[in-house]
Amino acid sequence: MRSWTPDSGRRVNPNSMALLEVENLSIGYQTRKGYLHAVDDVSFTLEEGKSLGFVGESGCGKTTLGMGLMRLLPPNGVIRKGRILFDGEDLLEKTEEEMREIRWQKIAMIFQAAMNALNPVKRVHEQIIEAIVTHDPSIGRQEAYAKVESLYQLVGIPGDRMKDYPHQYSGGMKQRAIIAMALACHPKLIIADEPTTALDVIVQHQILQETKKLQEALGISIIFISHDIAIVAEVCHDIGIMYGGQLVEYGARSEVFDSPVHPYTMALLASYPRLTGEKRHLIPIPGETPDLISPPSGCRFCERCQGADGTCRTGDPVWIDISPRHRALCHQCAV
Amino acid sequence: MRGLDGLIMNKKSQDTVLELNNIIKIYKTKTSFLGTEGKVVVALNRVSFTIARGEIFGLVGESGSGKTTVGRLIVGLESPDDGKILLDGYNIIGLRGKTSKHFRRKVQMIFQDPYQSLNPQLSVFDTISEPLTIHKLGNNEKKEEAVREIMKAVGLAPPETFMHRYPHQLSGGQRQRVAIARAMVLRPEFVVADEPTSMLDASISAQIFNILIEMRNQFQVTLMFITHSLAAARYLCDRIAVIYKGNLMELGNADEVIDNPKHPYTQALIDALPKFGHCEGIKRYETLLPKERGGTDGRGCAFYPRCRVADPAICGRQQPLLKTALGSTHSTACFYPEPSIENGSKSEECFYGT
């Protein structure tokens, strides 16, 4: 068993290869009103030891995407097409039994409002031990206990608080405990869906810094899902901007934020209040997000886009390469 | 900005709409059935400030800081344990009957979550016209006219399209507009907006901010904007008050509080905001202790346990009062307020999160 010093966990490979390759993934929900195209034709790759952030507004499909990768969709969710290659194997071809092996051991998830995920009538360390022992029955309780101790140190919870019940923890500590639990089985990938939404800025800052440190030290890949651009920007190497179920811009963090090309990304940035510099008038994005049960033909953003013309409404938008590490789904961006 | 400084300085006495004077609010948790004593939580500790007519006043704080309690006290949903709240010079605490109703017409509130604050069984028209009915204002025709007018003002236009819809047929942004219209239809003097955009997306929040500014300009309403976001407060507010654990820490013009924060707590808040863009040269204040300082007896400054610049002999023993330097409008409750730092280190291209 690997011990939990940051160095021994280092798995960063200099010729890093793709840990996760998602190709043309489409996920939807069977609803009473019809089929809802929640995630449409999304492709991306995530290298080992890197972090990728998905940003978008509510209803853009970012949570569905995260759940889909874990194959944890609600009963009416359907993965319509695509491939999810994790470590070279297609997760969509796995049986439910095989998936259960992969979940938590190889891919862990930190859910939205994760602090409510702890069982209130069980001591916190018991819950983490349970997670460890369930996934690897060969580990004894003693060993698991020692592991929890080192995990606590890793995420910065004082050891004397190990045996507390969840209600004795503050919000930030619960979140740290959840992160410790996610790390418990040495996953290669962690999917974190809005992990800091309910926290105050100072605590959020500490958790983000902690996450970044752990990610670098342990070489874990992270998929970070958030509505807040700044949070994703603080943690992630690569950024994907989602709108109306589609990935609309994708690339290295600095490129996406310094020279955004998709009109939606630009509009999103313009609607963001700033703390420094001249006070600019905020420009809200006019209109509403598209109906994903019968999505409009052509570009899904064109109804709200100032630069849209006839071709945007008729033809499906195509991916334009801006640079080797930056692409956008837009007719107009090519010009 | 907006010529407000002059307004505050010159006409302070007659143009103060609202004054909070040494407000104390204490919550007691129940004594448990096992006999353990209930805990006493001081939600607000001698909070005082004034708000000038026509201003947008921002109250910024983390969860549990007491910011919502201030709002609830002002609209009369709760009453303080000590202190005075004066609206137009009249004490509004403990009003009953007719005077209470008259007061409620002048002070309204916009709540945080438009998914919960609107009655799902009332149509948009019924929701917005209900306050008029309660206060017996106008006949049916006049009511409809007033509703149409306010709906147009908040951007629910044309009114016919929305009037007969129910909350479930509206998006989050539209619901919050209905909530704003409902608050504004009585033409109140003072409106408390309690985190009106925390449930909304960034692009929709911007719409709501702009509507609130528009309301102030069009109807001369005075607004108190309660938020956890310094960036939103900077955009919207003329003045900002920063509150921490029930204590007012810093109060001043919005730009000044954010560009030259003096209180170590405000500085720690700014440090902690997630940033993106070109933030390499950004000055960090580093006023937050990584670990809480022990050995406090609660007599000192509320931020003392986490404050790096604090002096145990002073900050740990007594509470600093909110003080204003001579000739300044910027006040701080700190024994060691940081002298202002140069602005040059702030980059135009650095974005801050909420």
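The values are calculated or read from the model by the stated rules, or taken from the named source; none is laboratory data. The model shown is predicted, which means the values in this text are computed figures rather than measured ones. Please note: Cβ atoms are built from the backbone with ideal geometry, for glycine as well, and neighbour counts cover all protein chains shown.
Taking interchain pairs and intrachain pairs at least six residues apart, which have beta carbon atoms under 6 angstrom, with the first residue in the range B:223-238 and more than 8 Å from chain A (Cβ to nearest Cβ) and within 21 Å of B:Ala272 (Cα to Cα) and the second polar (S, T, N, Q) and buried (at least 23 other Cβ atoms within 10 Å of the Cβ)?
Matching pairs, first to second residue: B:Ala233/B:Thr227.
Condition check: assigned to a strand (DSSP E or B), in the same structural domain as B:Lys84 (by TED's automatic domain parsing) and surrounded by fewer than 22 Cβ atoms within 10 Å (Cβ to Cβ). Does B:Ser32 satisfy that?
So B:Ser32 does not fit the description; no.
Would you point out which residue out of A:Ser297, A:Ser271, A:Ser254 is under 23 Å from A:Glu21 (Cα atoms) and of a type outside the set (Asp, Glu)?
Being under 23 Å from A:Glu21 (Cα atoms) and of a type outside the set (Asp, Glu) holds for just one of A:Ser297, A:Ser271, A:Ser254, which is A:Ser254.
If only one of A:Ala117, A:Ala146 is within 25 Å of A:Lys212 (Cα to Cα) and out of contact with any strand residue (DSSP E or B) (no Cβ under 9 Å at 6 or more places or on another chain), which one is it?
Result of the check over A:Ala117, A:Ala146: A:Ala146.
Which pairs do you get when a residue that is under 25 Å from A:Gly59 (Cβ atoms), found in the range A:193-209, comes within reach of a residue that is among the basic types (Lys, Arg) and surrounded by 20 or more Cβ atoms within 10 Å (Cβ to Cβ), reach meaning Cβ atoms under 8 angstrom, with the pair 6+ apart or on two chains?
As it stands, the answer is A:Asp193/A:Lys62, since those pairs meet every condition given.
Based on what the data block shows, is B:Leu87 within 22 Å of B:Leu186 (Cβ to Cβ), out of contact with any helix residue (DSSP H, G or I) (no Cβ under 6 Å at 6 or more places or on another chain) and either free of Cβ contacts under 8 Å to residues at least 24 places away in the same chain or of a type outside the set (Val, Ile, Thr) (or both)?
yes
Does B:Ile282 meet the test of being of a type in the set (A, V, I, L, M), surrounded by fewer than 19 Cβ atoms within 10 Å (Cβ to Cβ) and either at pLDDT 95 or above or in the same structural domain as B:Arg317 (by TED's automatic domain parsing) (or both)? Lay out the reasoning, then the answer.
Values: of a type in the set (A, V, I, L, M): yes; surrounded by fewer than 19 Cβ atoms within 10 Å (Cβ to Cβ): yes; either at pLDDT 95 or above or in the same structural domain as B:Arg317 (by TED's automatic domain parsing) (or both): yes.
Yes: the conditions hold for B:Ile282.
Checking B:Met249 against (1) in contact (Cβ under 8 Å) with a residue 24 or more places away in the chain; (2) within 12 Å of chain A (Cβ to nearest Cβ), which test does it fail?
Of everything listed in (1) in contact (Cβ under 8 Å) with a residue 24 or more places away in the chain; (2) within 12 Å of chain A (Cβ to nearest Cβ), B:Met249 misses just condition (2).
Can you confirm whether B:Asp255 is within 12 Å of chain A (Cβ to nearest Cβ), within 27 Å of B:Leu321 (Cβ to Cβ) and surrounded by fewer than 24 Cβ atoms within 10 Å (Cβ to Cβ)?
Yes, satisfied.
Any residue at all in the range A:235-243 that is modelled with pLDDT of 90 or more and over 13 Å from the mean Cα position of the chain (by Cα)?
yes
Do we have any residue at all in the range B:286-298 that's modelled with pLDDT under 90, more than 11 Å from chain A (Cβ to nearest Cβ), under 30 Å from A:Ile239 (Cβ atoms) and out of contact with any Gly (no Cβ under 6 Å at 6 or more places or on another chain)?
Yes; the residues of the range B:286-298 include at least one that is modelled with pLDDT under 90, more than 11 Å from chain A (Cβ to nearest Cβ), under 30 Å from A:Ile239 (Cβ atoms) and out of contact with any Gly (no Cβ under 6 Å at 6 or more places or on another chain).
Just give me the residues in the range A:134-175 being among the charged types (D, E, K, R) and over 17 Å from B:Glu292 (Cα atoms), in sequence order.
Of everything in the range A:134-175, those that are among the charged types (D, E, K, R) and over 17 Å from B:Glu292 (Cα atoms) turn out to be A:Asp136, A:Arg141, A:Glu143, A:Lys147, A:Glu149, A:Lys163, A:Asp164, A:Lys174.
Kindly state which helices (runs of 4 or more DSSP H) lie completely within the range A:187-283 and contain at least 2 residues that are more than 25 Å from A:Gly68 (Cα to Cα) and within 10 Å of another protein chain (Cβ to nearest Cβ).
A:201-218, A:253-258, A:263-270
Tell me yes or no: at least one residue of the range B:285-300 is at negative phi, in contact with an Asp or Glu (Cβ under 6 Å, 6 or more places away or on another chain) and surrounded by fewer than 21 Cβ atoms within 10 Å (Cβ to Cβ).
Within the range B:285-300, one or more residues are at negative phi, in contact with an Asp or Glu (Cβ under 6 Å, 6 or more places away or on another chain) and surrounded by fewer than 21 Cβ atoms within 10 Å (Cβ to Cβ).
Of A:Arg300, A:Arg274, A:Arg325, which residue is touching a Pro at 6+ places or on another chain (Cβ under 6 Å) and either more than 19 Å from A:Gly59 (Cβ to Cβ) or surrounded by 21 or more Cβ atoms within 10 Å (Cβ to Cβ) (or both)?
One residue alone meets the criteria, A:Arg300.
Quick one: count up the residues across the range B:183-201 that are touching a residue at least 60 places away in the same chain (Cβ under 8 Å) and either outside any loop (DSSP other than H, G, I, E, B) or facing chain A (nearest Cβ under 7 Å) (or both).
Summing the residues that are touching a residue at least 60 places away in the same chain (Cβ under 8 Å) and either outside any loop (DSSP other than H, G, I, E, B) or facing chain A (nearest Cβ under 7 Å) (or both) in the range B:183-201 gives 7.
Taking the range B:258-271 only, how many residues are within 11 Å of chain A (Cβ to nearest Cβ) and either among the basic types (Lys, Arg) or surrounded by fewer than 21 Cβ atoms within 10 Å (Cβ to Cβ) (or both)?
2
Looking at (1) within 23 Å of B:Ile110 (Cα to Cα); (2) at pLDDT below 90, which is the one condition that is false for B:Ile240?
With respect to (1) within 23 Å of B:Ile110 (Cα to Cα); (2) at pLDDT below 90, B:Ile240 is out only on (2).
Scan the range B:163-174 and tell me whether some residue there is surrounded by fewer than 24 Cβ atoms within 10 Å (Cβ to Cβ), farther than 27 Å from A:Val55 by Cα, small (Gly, Ala, Ser) and out of contact with any Lys or Arg (no Cβ under 6 Å at 6 or more places or on another chain).
No - not one qualifying residue is present in the range B:163-174.
If you go through the range B:153-175 one residue at a time, how many are under 30 Å from B:Leu73 (Cα atoms), in contact (Cβ under 8 Å) with a residue 40 or more places away in the chain and either away from chain A (no Cβ under 14 Å) or touching a Phe, Trp or Tyr at 6+ places or on another chain (Cβ under 9 Å) (or both)?
Summing the residues that are under 30 Å from B:Leu73 (Cα atoms), in contact (Cβ under 8 Å) with a residue 40 or more places away in the chain and either away from chain A (no Cβ under 14 Å) or touching a Phe, Trp or Tyr at 6+ places or on another chain (Cβ under 9 Å) (or both) in the range B:153-175 gives 4.
I want to confirm something. Restricting to the range A:239-256 and keeping residues that are touching a residue at least 12 places away in the same chain (Cβ under 8 Å) and surrounded by fewer than 22 Cβ atoms within 10 Å (Cβ to Cβ), which single residue is nearest to A:Gln306 (Cα to Cα)? Explain how you work it out, then say what you get.
To start, the set of residues in the range A:239-256 that are touching a residue at least 12 places away in the same chain (Cβ under 8 Å) comprises A:239-253, A:255-256.
From what's left, surrounded by fewer than 22 Cβ atoms within 10 Å (Cβ to Cβ): A:252-253, A:255.
Values: A:Ala252: 25, A:Arg253: 25, A:Glu255: 22 Å.
In this case the residue turns out to be A:Glu255.
I need the full set of residues from the range B:129-160 which are among the basic types (Lys, Arg), surrounded by fewer than 16 Cβ atoms within 10 Å (Cβ to Cβ) and in a helix (DSSP H, G or I), in order please.
Across the range B:129-160, the qualifying residues are B:Lys142, B:Lys152.
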